[in-house]
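Okay, structure first, notes after.
The values are calculated or read from the model by the stated rules, or taken from the named source; none is laboratory data. Values in this document were obtained by computation on a predicted structure and should not be read as measured data. Neighbour counts run over all protein chains shown; Cβ positions are idealised from the backbone, glycine included. When the accessible area is computed, the model is the full protein with side chains, heavy atoms only, and any ligands, DNA or RNA have been set aside. Shrake-Rupley method; radii C 1.70, N 1.55, O 1.52, S 1.80 Å.
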Amino acid sequence: MSKATMWVLAGAAATAAWGVMAADAAVKMDEKNRPKLFKQFGDHVNTPDGLAQDKAGNIFMAAPNFVDQSYAGTIMKMDKKSGKWSVFVAGLLHPDTKRGAPMGMEFDEDGNLYYCDNQYFFDKNYKSRVMRVVIGKDGEPLKIEPVVENIKLANAVRIRGNAVYFTDTFFDVAGKNQGGVYRVPFSAFKERPALLLPKEQAGNDPYCLGITETVPLEHRKDTAGADGMCFDKNGNIYTGNFGDGHFYVIKMRSDGSYDKMATLINDPKVFPCCDGICYYAKKDWVIMTDSERNAVLCWDIKAGKLGTLWMNDDTCGKDGLLDQPCEPMVWGDKLLVVNFDMSFPGLKNSKNDPMHTLSVMNLEPSGFSFLNLFR
Ligand SMILES: [Ca+2]
Ligand SMILES: [Ca+2]
Ligand SMILES: [Ca+2]
């Protein structure tokens, strides 16, 4: 046997061994992470989506209510002390669609709440907006105003420094399956809402930080681009495509500007569908939901490794298991995960069922296996 053949064989053996380990890693989860039911809602919250928390730790959850539109899109609030849920505010109706559809949300330093108004499911023609709920000194909503307009599908929003950052999931430019990440400084909407450029000009839009591209998967044929987004402690931005799980980073330079978007994961076998993303500072992880496979994954930033926190089969979610998870949020030592449960072709979730649920997982310091992509 030649030396070269031996190398090839050794490599094949190593690959096979790794394959077994990878299979183990993908299914071997710690029971400590098993999601439990945090809250089940009535039909007035039939399609829950985004999450946020204020400085006191009260929980806010968006309910765009796409499945049963006889209910208005609202933002719910859970008082941390009492655990009681109530309607915080109804989403501001769009003058053309007569709907309000809150999705991703986040508070700014002054205590105002920003949310994505996803009008794309009613009208694909640039009706979506980023909104600001101005909040009074006792925490009550005073008014809602649009701050950014001319968006296709506003999905996730983050506030950092003096700017609002958000994703737009569909560009709808012929022949390309694009989405993108935007940054609009507060100064741009002091007087009136800031306007994005039409998507054909997105490459020259001063607010556009990066453009994603989706290669639709055969079993889903979903062209959706950038969905969730978050920052890490160094100001780097993470986003991922809903359609194919392509997962990106936009690195912040030392002068505060941003690098070009770069790929971290582009392998639908290990990550086929990225919905919500949040940052877990304690471990320096990005936590992502995988809507296709009813899973919660995590990206160890320093190690450059993908891990699986949980994955389960199709379920109605009544026991707290994942039912098309969308937005995750670290809340103290727990992870809250919203279950969107609005089935799209090719997802594990087979149907929109009457159980509308929010799950909770313990974020334990150890006990899940890693999948090393940089083999
Ligand atoms: Ca989302
Ligand atoms: Ca359900
Ligand atoms: Ca379901």
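The figures follow:
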quantity: Region 213-268: number of residues that are polar (S, T, N, Q) and either within 21 Å of residue 281 (Cα to Cα) or in contact with a helix residue (DSSP H, G or I) (Cβ under 7 Å, 6 or more places away or on another chain) (or both); calculated: 4
quantity: Of all residues making up region 227-252, the number that are farther than 22 Å from residue 348 by Cβ and either under 17 Å from the mean Cα position of the chain (by Cα) or of a type in the set (Ser, Thr, Tyr) (or both); calculated: 11
quantity: Members of region 59-86 found to be free of Cβ contacts under 8 Å to residues at least 24 places away in the same chain and touching an Asp or Glu at 6+ places or on another chain (Cβ under 8 Å), listed by number; calculated: 86
quantity: Region 192-226 - residue that is under 20 Å from residue 156 (Cβ atoms), part of a loop (DSSP other than H, G, I, E, B) and β-branched (Val, Ile, Thr) and, of those, least open to solvent (accessible area, probe 1.4 Å); calculated: 214
quantity: Residues of region 307-349 satisfying the condition of being within 13 Å of ligand 1 (Cβ to nearest atom) and among the polar types (S, T, N, Q); calculated: 324, 339
quantity: Those residues of region 294-331 which are within 16 Å of ligand 2 (Cβ to nearest atom) and either under 17 Å from residue 268 (Cβ atoms) or basic (Lys, Arg) (or both), in sequence order; calculated: 294, 295, 318
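Conditions tested, residue by residue: (1) open to solvent by less than 50 Å² (accessible area, probe 1.4 Å); (2) in contact with a Lys or Arg (Cβ under 7 Å, 6 or more places away or on another chain).
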residue	(1), (2)
50	yes, no
54	yes, no
60	yes, yes
72	no, no
88	yes, yes
101	yes, no
